[in-house]
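The values are calculated or read from the model by the stated rules, or taken from the named source; none is laboratory data. Owing to the predicted nature of the structure, the values given are computational and were not obtained by experimental measurement. With ideal geometry, Cβ positions are generated from the backbone for all residues, glycine too; neighbour counts draw on all protein chains shown.
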Amino acid sequence: MTNVSPPFRSLIGAALLAAGRPVSAAELAGVLGLTEDRTRREIEAFALQVEEAGLGFLVEAVAGGYRLVVPPVLTPHLAPLLAPPPLPTLSSAALEVLAVIAYRQPVTRAEIEAMRGGSASTVMTLQERELVKVVGRADSVGQPLLYGTTERFLLDFGLTSLDALPPLDDTGFAHLLRG
């Protein structure tokens, strides 16, 4: 098998696509085995070729390097693909844990479980969704983690501050966070 170098422009396009970040002319020169001046000329020729072909992307010089970008005129058409998929709704158990944290913060997992009368296993899910975070450690034995809500919690539930939480009543409070 012979070691034949691919055309420079193919390598430039592949490098810019694969890197996922701006790639400097010096880095590309190393890949191509050319001088930086010659590499810049090849990049300019590649950029012109891509633009003339109307392929739906362009070469952009940014942050000391080059990257592939979508032309601004096309981005509105791509919005459905670029928007993150909606997360599944929180379970009633997760809402209960979130309510305990929101109303009683800072609170430990053991305190959450005692208030709920059940597991607080959904804390990890709430952390992954950036609704709660570790805010410190308790001064009790073992120094358990303390949990509190995040700014994301306030945004997602339309609250200006924790003072805007509805008052507690005798029926429990998880239903207050449903919406």
Contact list, first residue from region 17-28 and more than 10 Å from Y66 (Cα to Cα), second anywhere and part of a helix (DSSP H, G or I), beta-carbon distance below 7 Å, six or more apart or interchain, is A26/E36
Going through (1) on the phi > 0 side of the Ramachandran plot; (2) part of a loop (DSSP other than H, G, I, E, B); (3) at pLDDT 85 or above one by one, G158 fails only at (3)
Exercise. Is there a residue being in a helix (DSSP H, G or I) and touching a helix residue (DSSP H, G or I) at 6+ places or on another chain (Cβ under 7 Å) anywhere in region 46-63?
Worked result: yes
Practice task
Kindly check whether there is at least one residue in region 56-72 that is of a type in the set (S, T, Y), exposed (fewer than 12 other Cβ atoms within 10 Å of the Cβ) and outside the structural domain of P166 (by TED's automatic domain parsing).
Solution key: no
All conditions in (1) within 17 Å of L11 (Cα to Cα); (2) at pLDDT below 85 are true of L87 except (1)
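Residues checked against (1) on the phi < 0 side of the Ramachandran plot; (2) of a type in the set (S, T, N, Q); (3) modelled with pLDDT under 85:
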residue: V4; (1), (2), (3): yes, no, yes
residue: A14; (1), (2), (3): yes, no, no
residue: T39; (1), (2), (3): yes, yes, no
residue: P72; (1), (2), (3): yes, no, yes
Of those in region 123-140 that are basic (K, R) and within 24 Å of L155 (Cα to Cα), the residue modelled with the highest pLDDT is K133
Of (1) in contact with a helix residue (DSSP H, G or I) (Cβ under 7 Å, 6 or more places away or on another chain); (2) surrounded by 14 or more Cβ atoms within 10 Å (Cβ to Cβ), T35 satisfies every one except (2)
Can you find a residue in region 133-152 that is touching a residue at least 24 places away in the same chain (Cβ under 8 Å), assigned to a helix (DSSP H, G or I) and either closer than 16 Å to L90 by Cβ or not charged (D, E, K, R) (or both)?
-> no
Taking the criterion of being over 28 Å from R152 (Cβ atoms) and either among the aromatic types (F, W, Y) or under 24 Å from the mean Cα position of the chain (by Cα) (or both), would at least one residue in region 35-46 satisfy it?
yes
Note: among A94, A120, A110, just one is at pLDDT 90 or above and buried (at least 17 other Cβ atoms within 10 Å of the Cβ), namely A94
